[in-house]
Amino acid sequence: MSERPMPRLFLIRHGQTEWSINGRHTGRTDIPLTPEGEQEAAEQARILVGEGKVIDPKNICTVFVSPRIRAHRTFHLLFDHLPEVPHHVTTEEVREWDYGEYEGLKPAEIKKLNPTWTIWKDGCPGGESTEEMCYRVDNVIEKVREYHRAWKEEGKGSRDVVIVAHGHFNRVFIARWINFPLSLGTHFNVEPAGIAILSYNHNNLAEPALNALNLYAKPR
C-alpha cells in the first residue's frame with residue numbers, strides 16, 4: 001500500500017429545521033433550515049472548511065448532496081465562501097429514509113398507530129423497508145470506497161469525499177461503513193450540522209473505522 005495519507009469521508013447532516021426541533025420524521029418533505037440552522041452551517045464552514053483546515057478544498061474529490069433543500073442549502077453554506085465550489089453531485093442516493101405513512105409524524109404519534117414499531121427493525125409502511133435502506137446505503141458506500149481505493153492505490157483523484165445528507169441516513173451509513181447491521185445506527189446520535197469522519201485503521205482499506213462524530217455540533 002502506498003504512503004499516501006488514508007482517504008476520508010466527511011459525513012455531514014443538514015442544519016436545524018422546524019421539524020428537527022419538534023421531532024417530526026422528515027423524509028421527502030422539503031423543509032428549509034431555520035435561521036439557527038443557517039447559522040450552524042455557516043459557523044461550521046468558518047471553523048472547519050477552507051485552505052489548511054480540516055475540510056480542505058484541495059483534498060476534496062467529490063461531494064454527494066441530497067436534493068432536499070435543507071441539505072442543499074447546508075452544502076452551499078459550507079462551501080460558497082471558497083474561491084471555487086468543489087465538484088458535487090445532487091443525488092437521491094443520499095436522500096433521507098423514506099418514511100412513507102409516517103412522514104411528518106412524531107415518534108409518540110407513530111407509537112399510537114403501532115405500539116411496537118421501531119424503524120430499525122420494521123422500516124416504514126408505504127416507504128422504505130430496512131432492506132431497501134440498507135441496499136441504498138451500501139451502494140453509496142461502494143462508490144465512496146472506489147474513490148478511496150483509486151486515491152490510495154493509484155493516486156487518482158483526491159483524498160476526501162463529502163456527503164451532505166440527513167439524520168437517519170447518516171446513522172445507517174455509519175453502521176454499515178463499519179460492517180455492522182443497519183440496526184446499530186440506533187446507538188449513534190447525529191446532530192444537526194454535525195460532521196462525522198469515516199476512514200480506516202492501520203493504513204488498511206480493509207479496516208473501515210469511525211474517526212469522529214458530531215464535530216463542533218451543539219450538544220442537545
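Residue-wise test of (1) of a type outside the set (D, E, K, R); (2) within 28 Å of V63 (Cβ to Cβ); (3) in contact (Cβ under 8 Å) with a residue 60 or more places away in the chain.
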{"residue": "L113", "(1), (2), (3)": "yes, no, no"}
{"residue": "G126", "(1), (2), (3)": "yes, no, no"}
{"residue": "M133", "(1), (2), (3)": "yes, yes, no"}
{"residue": "I141", "(1), (2), (3)": "yes, yes, no"}
{"residue": "V144", "(1), (2), (3)": "yes, yes, yes"}
{"residue": "G157", "(1), (2), (3)": "yes, yes, yes"}
{"residue": "V161", "(1), (2), (3)": "yes, yes, yes"}
{"residue": "A165", "(1), (2), (3)": "yes, yes, yes"}
{"residue": "I174", "(1), (2), (3)": "yes, yes, yes"}
TODO: Filter region 191-220 down to residues that are hydrophobic (A, V, I, L, M, F, W, C) and more than 21 Å from T90 (Cα to Cα), then give me how many there are.
DONE: 8
Task: Cβ-Cβ under 6 Å pairs, at least 6 apart or on other chains, region 192-220 side within 26 Å of E18 (Cα to Cα) and modelled with pLDDT of 95 or more, far side of a type in the set (D, E) and open to solvent by less than 60 Å² (accessible area, probe 1.4 Å) - done: A193/E40; N214/E191
Task: Which numbered condition D80 misses (of (1) open to solvent by less than 10 Å² (accessible area, probe 1.4 Å); (2) under 27 Å from V161 (Cα atoms)) - done: (1)
TODO: Give just the number: which of (1) surrounded by 15 or more Cβ atoms within 10 Å (Cβ to Cβ); (2) touching a residue at least 60 places away in the same chain (Cβ under 8 Å) does A45 not satisfy?
DONE: (2)
TODO: Look at region 83-94 and say how many of its residues are under 17 Å from S129 (Cα atoms) and crowded, with 19+ Cβ neighbours inside 10 Å.
DONE: 1
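The values are calculated or read from the model by the stated rules, or taken from the named source; none is laboratory data. On a predicted model such as this, the values are computed, not experimentally measured, just so you know. All Cβ positions, glycine included, derive from the backbone under ideal geometry; neighbour counts span all protein chains shown. What goes into the accessible areas is simple: the full protein's heavy atoms, side chains included, and nothing from ligands, DNA or RNA. Shrake-Rupley method; radii C 1.70, N 1.55, O 1.52, S 1.80 Å.
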